[in-house]
Amino acid sequence: MMIVAIGVFVIGITFTVVLSFTNSKLFPSFNFVGWRQYEILWSTPRWVQSVTNIWFYGFGHIVLCMGVGFALAVAMDQRIRGEDAFRTIFLYPFALSAVITGLVWQLMLDPIWGFQAFVRSLGFADFTFAPLANGETALIGMIVASVWNGVGVTMAILLAGLRGIDEEIWKAARVDGIPAWRTYVSIVVPMMRGAVATALVLLVVNVVRTFDIVIAMTGGGPGIATQMPATYVIDNINSRNVGHGMAAATCMLAPIAVLIIIQAVFRWRASRRGRTTS
Amino acid sequence: MSSVSLPAGIEPSGPRPRHVTATRIGIYAFLLIAALFFLIPLIVMIMTSMKSMSEIRGGNIFALPMQPTLDYWVKAWSSACTGRDCYGLAPGFFNSVKITVLSVPVSIVIAMINGYALSFWRFRGSELMFAILLFGAFVPFQVLVYPIIFGLSRVGLFGTLPGIVIVHTIFGMPILTLLFRNFFASLPVELFKAARVDGAGFWRIFFSVMLPMSVPITIVAVILQVTGIWNDFIFGLVFAGRENMPMTVQLNNIVRTSTGTVEYSTNMAATVLTGAVPLIVYFVSGKWFVRGIAAGAVKG
C-alpha cells in the first residue's frame with residue numbers, strides 16, 4: 001500500500017509533467033507540442049493575474065501569520081493567567097474548514113450587512129471597510145480571513161519553540177542587563193530557528209494550495225481579482241483543456257521543489273557540521 | 001521558586017514578571033483583543049443563524065437576536081436548496097459520515113503498519129521510500145488531481161465512495177506515516193530486539209507489542225483524520241461525485257444557490273451545522289488536538 005501511494009505520487013507527477021507538453025483536451029493524448037502550452041499560459045492574463053495574486057496573498061498571509069503568531073506566542077509565554085483558555089480560543093478556527101472560514105468572513109465583510117454597516121450605524125457615515133466588494137482590495141479581505149483561520153497554528157508551533165529555550169538564557173541575559181526585546185531578537189529567535197522554519201514551511205505549503213477559501217469567499221471574483229493558480233488548474237481540467245491545466249500545475253510544483261531543495265541543503269549542512277564537531 | 005523543576009515544555013520560560021506593570025496590562029489587553037478577534041466570527045455566525053431575515057435587515061450583525069429561533073437550522077438541515085434539489089444538508093451530513101467512517105480506519109491502519117515497518121524492519125531503499133512519501137506531503141493536490149481522475153475512471157471508481165476513500169487514504173498517508181514512524185522510532189529498540197529473540201515475527205510483534213503501546217498516538221491520528229477528512233472540500237468536489245457529495249461541498253452549493261437577497265440566516269445555520277462536528281471534536285479532545293497540529297497542519 002505504501003508502494004501504491006508512492007507510485008501515485010511519482011507516476012502522477014510524471015504524468016502531469018508529460019501531459020503539460022501535449023495538447024490534451026478531455027482525454028490524455030500524446031501529441032507533443034513542446035513548450036507551446038507554457039507560452040500560452042504565460043500570455044494568458046488570468047494566469048498572470050493568478051500568479052500575481054498568490055504572491056501578494058502569500059506574502060500578506062505569511063508575514064501576518066508569522067508576526068501576529070510570534071506576538072501571541074510571546075504574550076502567551078509571560079506566565080499569564082488562563083493560558084489554556086486563550087490557547088483554545090486562538091486555535092479553534094483551525095478546526096474549521098476553509099469553506100466555513102470563507103463563508104463567515106464573507107458575511108463579516110459584506111458592505112450591506114457586515115462590519116462596515118455596523119460602524120456606519122454608530123454614526124461614522126463615511127467609514128469604509130468592505131474589501132471584498134472591490135477588485136483591488138478583495139485579496140486583503142481574503143488575507144484577513146485566512147490569518148484568522150491559520151495564525152493559531154503558527155502561534156502553537158512558535159510557542160513550543162519558546163518553551164524549548166533554557167531558562168538559564170533568560171537569567172544570563174537579565175544579569176547582563178539586556179532588555180527583553182533585545183534578548184528575543186538576538187538570542188531567542190536564532191535559538192528557535194527550527195520552530196520558525198517549521199512554521200514557515202507549513203505556511204508556504206498551505207499558500208501554494210490555496211483553493212477552498214477562494215471558492216467559498218469570492219469564487220475568484222470580483223472579475224478575476226482573487227483567482228489563484230489552484231483554481232486555474234481545476235477550471236482548466238473542468239473545461240477540458242487538460243494539457244494547458246497540466247502546464248499550470250507543473251508551474252505550481254516549482255516553488256515546492258525550490259523549498260525542498262533549500263531544506264535538503266540545510267539538512268546536508270547541518271549533518272556536515274555535526275560531523276566536524278564530533 | 002525555580003528549584004521546583006517542572007517537565008520541560010509545560011512551564012512558561014519567558015522573562016519573569018516583577019509586579020503589575022504597564023507592560024503586564026499591555027500583554028493582557030493584547031491577548032484579550034486578539035481573543036475577541038478570534039471569537040467574533042463564531043458569535044456572529046451563531047447569532048445570525050438565529051435571527052429572521054427581517055431582524056437582520058433591521059439591526060446589525062453584532063446585535064443579539066431579539067427572538068431567537070431555530071427555524072433556519074431546521075431549514076438548513078432538511079429543506080435548503082442546491083440547484084433544483086431541496087433536501088437541505090442532511091444528505092451531505094450522512095455522506096460525510098460515510099466517507100469519514102471508512103477513510104479514517106483504513107488510512108490509519110495502513111499508516112501504522114508503514115511506520116512500524118519503516119522504523120524496525122529497515123530494508124534496502126526504505127529511507128528513499130520514506131523521503132518520497134514525505135515529498136508527497138508537500139505536493140499541491142492540484143498537481144495530482146488529473147492523473148488520479150484518469151486512473152480512477154480507468155478502474156471505474158471515479159465518482160464513487162470507494163474512490164473518495166482511496167483518495168483520502170493516499171493523501172493522508174505521508175503525514176500519518178511520518179507521525180507513526182516518529183512515534184515508533186522513539187520506542188526503545190531493546191523492546192523490539194527482545195521480542196525478536198523470543199521468536200516473534202513481523203505481525204506477532206506488531207499485534208502483541210507495538211499495537212498496545214500506540215494507543216495515544218492513534219488517538220492523535222484519529223483526531224487529525226476526522227477533522228481533516230470532514231473539512232476536506234476539494235477532494236469531495238472532484239472525486240466524490242453527485243451521489244457522495246460531502247457536507248462541505250453541499251454547504252457551498254447551498255450558499256451559492258441563493259438568488260436575489262442572500263438569505264444569511266439559512267447560510268449561517270448551514271455553516272454552523274457543518275462546523276459543529278470538528279468543533280465538538282476540538283473542544284472535547286483539547287490537548288490531543290494541539291499535539292496533532294504540528295504534524296497535521298501540513299494537510300491544509
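Here are a few things to note about the model shown:
- Residue among B:179, B:31, B:157 with the largest mean-square fluctuation in a Gaussian network model of chain B, springs linking Cα atoms under 10 Å: B:31
- Based on the Stokes-Einstein relation at 25 °C and a viscosity of 0.890 mPa s, and on the Kirkwood radius from alpha carbon pairs, the range A:2-277 is assigned a translational diffusion coefficient of 113 µm²/s.
- Checking every one of the trypsin sites (Lys or Arg not before Pro) in the range A:173-266 against DSSP loop status and a limit of 12 other Cβ atoms within 10 Å picks out A:240.
- For residue A:22, the amide hydrogen comes within under 5 Å of the amide hydrogens of A:33, counting only partners 5 or more places away or on other chains and with H modelled in the peptide plane.
- Rounded accessible area of residue B:232 (nearest 10 Å², 1.4 Å probe): 20
- Taking the helices alone, the protein assembly as shown has a mean residue ellipticity at 222 nm of -22500 deg cm²/dmol, built from -39,500 (n - 2.57) per DSSP H run of at least 4 residues and averaged over all its residues.
- Computed over protein heavy atoms with a 1.4 Å probe, the accessible surface of the range A:33-73 works out to 53 Å² per residue.
- Unit charges on C-beta of K, R, D, E only; dipole of the range B:90-299, Debye: 360
- Couplings 3J(HN,Hα) of the range B:243-257, computed from phi: 5, 10, 3, x, 4, 4, 5, 5, 4, 4, 5, 4, 5, 5, 6 Hz, in residue order, whole Hz [Karplus 6.51 cos²θ - 1.76 cosθ + 1.60, θ = phi - 60°; x for Gly and Pro].
- The mean count of C-beta atoms from other chains within 10 Å of the C-beta of residues in A:147-155, rounded to a whole number, is 3.
- Under the criterion of Cα pairs below 8 Å and six or more residues apart, the relative contact order for the range A:1-136 equals 9 percent.
- For chain B, built as a Gaussian network whose Cα springs stay under 10 Å, the top-fluctuating residue of B:172, B:88, B:136: B:136
- Rough spin-label spacing in nm, given labels placed 7 Å along Cα→Cβ, for residue A:185 and residue B:213: 4.7
- Value of relative contact order over chain B, rounded to a whole percent, pairs C-alpha under 8 Å and six or more apart: 28
- Residue among B:239, B:185, B:267 farthest towards the positive dipole end of the range B:162-300, charges placed on Cβ: B:185
- Partner chain coverage, peptide A:80-88 - average Cβ within 10 angstrom: 4
- Candidate residues A:136, A:39: accessible-area rank, largest first, probe 1.4 Å: A:136, A:39
- Along the range A:155-162 the Karplus relation, 6.51 cos²θ - 1.76 cosθ + 1.60 evaluated at θ = phi - 60°, assigns HN-Hα couplings of 4, 4, 5, 5, 5, 4, x, 4 Hz to successive residues, with x for each Gly and Pro.
- Cross-link reach is defined here as a Cα-Cα straight distance under 14 Å, omitting same-chain residues fewer than 8 places apart; for residue B:75 the aspartates and glutamates meeting it are B:85, B:263.
- Accessible surface ranking that places the most exposed of B:109, A:188 first, with a 1.4 angstrom probe: B:109, A:188
- Distant-in-sequence amide H partners of residue B:187 (H built 1.01 Å from N, under 5 Å): none
- Per-residue mean of C-beta atoms belonging to partner chains within 10 Å, peptide A:101-111: 5
- Each Lys and Arg Cβ is given +1 and each Asp and Glu Cβ -1; about its Cα centre, the range A:142-278 then shows a dipole of about 540 debye.
- Proximity of backbone amide H atoms, modeled 1.01 Å from N, is registered between residue B:82 and B:87, B:88 at under 5 Å, excluding neighbours fewer than 5 places apart on the same chain.
- For trypsin sites (Lys or Arg not before Pro), the sites in the range B:50-123 that DSSP calls loop and that have at most 15 other Cβ atoms within 10 Å are B:84, B:122.
- Taking the charge dipole of the range A:2-277 about its Cα centre, with +1 at Lys and Arg Cβ atoms and -1 at Asp and Glu Cβ atoms, the residue from A:50, A:69, A:248 reaching farthest to the positive side is A:248.
- Those trypsin sites (Lys or Arg not before Pro) in the range A:52-139 that DSSP places in a loop and that have at most 16 other beta carbons within 10 Å: A:79, A:81
- Accessible-area order (highest first, 1.4 angstrom probe) of the listed residues A:271, A:43: A:43, A:271
- Remark: the protein assembly as shown carries a charge dipole of roughly 1200 debye about the Cα centre, counting +1 on each Lys and Arg Cβ and -1 on each Asp and Glu Cβ.
- Calculated from backbone phi, Karplus (6.51, -1.76, 1.60) coupling profile of the range A:9-21 in Hz, x at Gly/Pro: 5, 5, 5, x, 5, 4, 4, 4, 5, 4, 4, 5, 9
- Mean separation of Cα contacts under 8 Å (6+ apart) over length of chain A, as relative contact order %: 30
- Alpha-carbon geometry of the range B:90-299: the Rg and the Dmax are 19.5, 74 Å, given in that order.
- Isolated cysteines of the protein assembly as shown, defined as having no other cysteine beta carbon under 4.7 Å away, are A:65, A:251.
- Each Lys or Arg adds one and each Asp or Glu subtracts one; over the other residues with Cβ under 13 Å from the Cβ of residue A:72, this totals -1.
The values are calculated or read from the model by the stated rules, or taken from the named source; none is laboratory data. For clarity, every value in this text was computed on a predicted model and none was experimentally measured. Here Cβ is always computed from backbone atoms with ideal geometry, including for glycine, and neighbour counts include all displayed protein chains. The area values use the complete protein model at the heavy-atom level, side chains included, leaving out ligands, DNA and RNA. Shrake-Rupley method; radii C 1.70, N 1.55, O 1.52, S 1.80 Å.
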